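Step one of this worksheet: look at the structure below.
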Amino acid sequence: MAWRSSGATNEALIANLERNKLIQSERIRDAMLKVDRAHYAPASPYEDSPQPIGHRATISAPHMHASACESLLTYLQPGAKVLDIGSGSGYLTAVLANLVSPSGTVIGIDHIQLLVDMSTTNMGKSEEGRSMLDSGQVEFVKGDGRKGWKEGAPYDAIHVGAAAAEHHIALTDQLKTPGRLFVPVVEGGRQHIYVVDKKEDGSLERKKLFGVQYVPLTDAPE
Ligand code: SAH
């Protein structure tokens, strides 16, 4: 089902994701309708599959973006602060910004400057995107996402768009209490999505969801 949601247009893709129950929340549907994937994916933007964006990175498949939003949804209320690690194309950063608007903020962090520039350009292709950048609702920064981004902490939600080889303590340290981290984790050569909740008392609860295939979270290329 995950791969059968492609459409001829952004609207058709999202309608198919909804029909296949990959989008369950109207808030997520509306946020995804506001962001045209063609501004972020250089080819086949409305196919439900990952697409290369250069620099060994990919824009994740639409059903994975939907699933990440579904998993974090409780923490994506208007006004929330969000960190999107491995922001790549900037697509998910833009969708997250729509979910937490009008008063929320999202920081997208990537360790490749050309991708930081590309995500800013991509978002600038729409009037709404430009105004989110101008107002500071969205900011793209360059840095090693394994350390989080303490300048914007604490966050209600942190999304990681690349697979982590270990538990990066900085990420849960930078969550609010309560707050939620969505992270693909490599274990024994396989990757699984984990959702880590930081509870009111500061304790952590980890839940393993499903198998995935992401670009690894690595050292920056030379
Ligand atoms: N959410 C993005 C996914 C891009 S692919 C999208 O859908 O467009 C994963 C991204 O993680 C790449 O852009 C890569 O440059 C970035 N990345 C890998 N390791 C990183 C690190 N240590 N810090 C920050 N970004 C990293």
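The values are calculated or read from the model by the stated rules, or taken from the named source; none is laboratory data. It should be emphasised that the depicted structure is a prediction, and the values quoted were computed from it without experimental measurement. Using ideal geometry, Cβ is built from the backbone for each residue, glycine included, and neighbour counts are taken over all protein chains shown.
Of all positions in segment 53-67, at least one carries a residue that is out of contact with any Lys or Arg (no Cβ under 7 Å at 6 or more places or on another chain), at pLDDT 95 or above, closer than 25 Å to Gly152 by Cα and more than 9 Å from the ligand (Cβ to nearest atom).
Whether a residue is at pLDDT 95 or above, within 14 Å of the ligand (Cβ to nearest atom) and buried (at least 19 other Cβ atoms within 10 Å of the Cβ) was assessed, and Val186 does not pass this test.
Scanning segment 151-162 for residues that are near the ligand (Cβ under 9 Å from one of its atoms) and assigned to a strand (DSSP E or B) returns His159, Val160. Could you list all residues from segment 73-90 that are away from the ligand (no atom under 12 Å from the Cβ), buried (at least 23 other Cβ atoms within 10 Å of the Cβ) and within 23 Å of Ala15 (Cα to Cα)? Within segment 73-90, Leu76 is the sole residue that qualifies. Does Ser119 satisfy being touching a helix residue (DSSP H, G or I) at 6+ places or on another chain (Cβ under 8 Å), among the hydroxyl-bearing types (Ser, Thr, Tyr) and within 12 Å of the ligand (Cβ to nearest atom)? The answer is yes for Ser119. The set of residues in segment 69-93 that are part of a helix (DSSP H, G or I) and not polar (S, T, N, Q) comprises Cys69, Glu70, Leu72, Leu73, Tyr75, Tyr91, Leu92.
For segment 7-47, the set of residues classified as outside any helix (DSSP H, G or I), more than 16 Å from the chain's Cα centre (by Cα) and buried (at least 16 other Cβ atoms within 10 Å of the Cβ) consists of Gly7, Asn20, Pro45, Tyr46, Glu47, listed by residue number. Looking across segment 163-180, just one residue is more than 12 Å from the ligand (Cβ to nearest atom), aliphatic (A, V, I, L, M) and touching a strand residue (DSSP E or B) at 6+ places or on another chain (Cβ under 6 Å), and that is Leu175. The set of residues from segment 99-118 being surrounded by fewer than 24 Cβ atoms within 10 Å (Cβ to Cβ), in contact (Cβ under 8 Å) with a residue 24 or more places away in the chain and not in a strand (DSSP E or B) comprises Val100, Ser101, Pro102, Ser103, Gly104, His111, Ile112, Gln113, Leu114, Leu115, Val116, Met118. Consider segment 48-61. How many of its residues are in contact with a strand residue (DSSP E or B) (Cβ under 6 Å, 6 or more places away or on another chain) and either buried (at least 17 other Cβ atoms within 10 Å of the Cβ) or of a type in the set (Ser, Thr, Tyr) (or both)? Qualifying residue count for the region: 5. Test Glu139 against the stated conditions and say whether it is in a strand (DSSP E or B), at pLDDT 95 or above, under 26 Å from Gln113 (Cβ atoms) and within 15 Å of the ligand (Cβ to nearest atom). Against the criterion (in a strand (DSSP E or B), at pLDDT 95 or above, under 26 Å from Gln113 (Cβ atoms) and within 15 Å of the ligand (Cβ to nearest atom)), Glu139 qualifies.
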